[in-house]
Amino acid sequence: MSIIESNLDEKRSFSPSKDLKTNANFSNEDFLSLTKQFKNDRNKTWADLANSNILWDKSFSNVISGEAPFYKWFCDGKLNVSKNCVDRHISNSKSAIIYISENNEKKVLSYSDLYIYINKFSYALRELGLCCGDRVIIYMPTIPESIVAMLSCARLGLIHSVVFAGFSSNALRERIIDSRARAIITVNAFKRSGKIINSKEIVDEAIKVDCDFVDKVIIYENHTLLTNKKTRDVLWSEILPKDDKYIDPISMNSDALLFILYTSGSTGKPKGIMHASGGYLLNCIITNKWVFDLKDQDIFWCTADIGWITGHSYVVYGPLACGATILIYDGAPLFPHSSRFWEIIQENRVSVFYTAPTAIRTLMKVGENDPNNYNLESLRILGTVGEPINPKAWMWYYEKVGRNLCPIVDTWWQTETGANMIAPIPGINSLVPGTCTRPLPGIDAAIVDPDGKELTKPNQGGDLVIKQPWPSMLAGIWGNPDRYVKTYWSKYSSKYYVTGDTARYDEDGNIWIMGRSDDVVNVSGHRLGTMEIESALVSHDLVAEAAVVSYKHEIKGEAIHAFISLKNNSNNKIELADDLRGWVSLKIGSIAKPERISFSDSLPKTRSGKIMRRLLRNLARQEDITGDTSTLENESIIEQLKEIV
Ligand code: PRX
């Protein structure tokens, strides 16, 4: 059986500083000892971690139960996630949330402010008649109130489903209907890049027909825009009690659902990924401590919107459960100027900064030297997530933003995995630009060939699988158990969780993500990961972004089509295309040379910044665009591409 070939060679390596080796939360000794404990008794080790990191109302006797693959974690234990995130930290007078708006207003909430606010809003939700197990859609930007809404749901045992505030009414409607939500919490409006987005109008449109099951729409008046109130609408300010209230956090079973978060599949309607309480919280906590080395004095800015899993695990649940101070910015990265991020870091002394490769590449493109103009000395840990980071962007992030001092934790994980799975630990792992390094303790990852046989030698690419269940794994797909089994567990006779990504080891045992398994091209019998070709293209001086897909080719079987956006559009395209072919040949080998190259102003992306290769594949193959396009950010680019392809 063929395996995927890899030809990308990266030799730069950065070892942990002496300071991190000595002072990081998780030392090499801790690592060795925990790895040994996991080897000796997996369940006991998870139980010990759960006992030492979570505040249980009733302890558990069962670590893992349920019929495969419907695993339940710490099943008979009881806890409340909101209590874990807030109540246990109110005795110290620390800031919980630093909020910055797009027009630079700043609000700071201490843990006790947050506690009071959550209790009041929980009271309001209860008075509306919402009860345990009801689904609540949260369609709000990243503001303190959306975090209050999430944690109030958790306090009452309501299952929230946050829908990214940039989604259209169609996408929102689909999620409301699928989850049969009893309530929707939204804002009247918010600003993005100076433009007003009227969220309330979008909600009205989404539930206009066939949504009688929605009892209440709660509107937080986030903007001066007048709210057009309908019968089922209530204002946040009307229902919030004037006096302080105390609402007992409900003791929930550990396997009770905390939230549903919708994520796009490659075909069909979005999948409602379900996460349960205790197991999810555990991996969120330990990864914040281990991977981000989160300490009491840190100010953690994860730039993800709360509408994505990163916003759930590394803005809200993980850092707050650790008692950290989080910074949230409700605005566009380049508004009102291209150094907004650097300005916020400088003004607020951010120490841990977590963002996505797409943001890094954009910032590098708009202002390569901009970080030099700011004092970024407060930074000590940098992180990245969401897609492979090409070594060139990694080096820029390391040198310009981190001043050659901050480790970059390249964290591999998914909506489904709940928390970081493969990632460096700052005091332990040497970093190599482009690899997410090694699985975290307790995470049993492997790379397998099409027969399910483990590939252990360097540079053999195969499917990345997880061999053993882990606490923050998804609890299933809302309303669709068969799709859960089929998508994640059926490929290798139900033995492994199938991530859908391909990966390889390098000579040092680091894992390199090569792309999604459907992002593999087979050229003249050689299977190549598209990410490697993209990475080679992006390392060319003139290229800003690149996406590579395959199309059928008479002689080669499949050939490569590269879609490219340039830093500067004025170059001669024919000459440059030839140049780039030569460049890829040089970097990877002539086998990887793109047969076709199309240049456009930008590439089609999801609102979370991922390039939508599926659409590019349709274009390259001259097929109609099929499947869900509701997440597409810049629709006009498709028209531009249709004309040139
Ligand atoms: O393909 C992998 C890529 O993003 C996918 C998960 O996407 P999503 O569920 O939206 O969650 C994103 C935030 C966790 C993965 O299957 N991915 C995520 N992190 C990395 C990555 N690819 C390479 N390197 C990463 N660090």
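The values are calculated or read from the model by the stated rules, or taken from the named source; none is laboratory data. Just so it is clear, the structure is predicted and the values come from calculations on it, not from any experiment. Here Cβ is always computed from backbone atoms with ideal geometry, including for glycine, and neighbour counts include all displayed protein chains. Side chains included, ligands, DNA and RNA excluded: accessible areas come from the protein's heavy atoms. Shrake-Rupley method; radii C 1.70, N 1.55, O 1.52, S 1.80 Å.
Odds and ends about this structure:
- Only a single criterion out of (1) surrounded by fewer than 22 Cβ atoms within 10 Å (Cβ to Cβ); (2) within 26 Å of MET395 (Cβ to Cβ) is not satisfied by PHE563, namely (1).
- Counted residues, the stretch 420-438 - those being away from the ligand (no atom under 13 Å from the Cβ) and either assigned to a strand (DSSP E or B) or open to solvent by 20 Å² or more (accessible area, probe 1.4 Å) (or both): 3
- In summary, helices (runs of 4 or more DSSP H) completely within the stretch 234-346 and bearing 2 or more residues that are more than 24 Å from ASP57 (Cα to Cα) and touching a residue at least 24 places away in the same chain (Cβ under 8 Å) occur at 236-239.
- Among the residues listed as ASP87, ASP113, ASP76, the single one being modelled with pLDDT of 95 or more and within 26 Å of GLY66 (Cβ to Cβ): ASP76
- Summed over the stretch 547-560, the residues that are surrounded by 24 or more Cβ atoms within 10 Å (Cβ to Cβ) and either of a type in the set (D, E, K, R) or within 21 Å of the chain's Cα centre (by Cα) (or both) give a count of 1.
- Unique match (being open to solvent by less than 70 Å² (accessible area, probe 1.4 Å) and touching an Asp or Glu at 6+ places or on another chain (Cβ under 7 Å)) among ARG182, ARG173: ARG182
- Residue ID - surrounded by the fewest Cβ atoms within 10 Å (Cβ to Cβ), chosen from residues in the stretch 398-419 that are of a type in the set (A, V, I, L, M), within 15 Å of the ligand (Cβ to nearest atom) and outside any loop (DSSP other than H, G, I, E, B): ILE408
- The stretch 379-397: number of residues that are of a type outside the set (D, E, K, R), open to solvent by 10 Å² or more (accessible area, probe 1.4 Å), assigned to a loop (DSSP other than H, G, I, E, B) and more than 15 Å from the ligand (Cβ to nearest atom): 0
- The set of residues in the stretch 195-233 that are in a strand (DSSP E or B), at pLDDT below 95 and not hydrophobic (A, V, I, L, M, F, W, C) contains only LYS195.
- Search result, residues across the stretch 589-612 that are charged (D, E, K, R) and touching a helix residue (DSSP H, G or I) at 6+ places or on another chain (Cβ under 6 Å): LYS593
- Tabulated pairs, the stretch 25-47, first closer than 12 Å to TRP290 by Cβ, second among the acidic types (Asp, Glu) and open to solvent by less than 60 Å² (accessible area, probe 1.4 Å), C-beta under 9 angstrom, 6+ apart or interchain: ASN25/ASP293; PHE26/ASP293
- Single residue of the stretch 304-337 satisfying the filter (of a type in the set (Ser, Thr, Tyr) and within 12 Å of the ligand (Cβ to nearest atom)) that is nearest to ASN348 (Cα to Cα): TYR314
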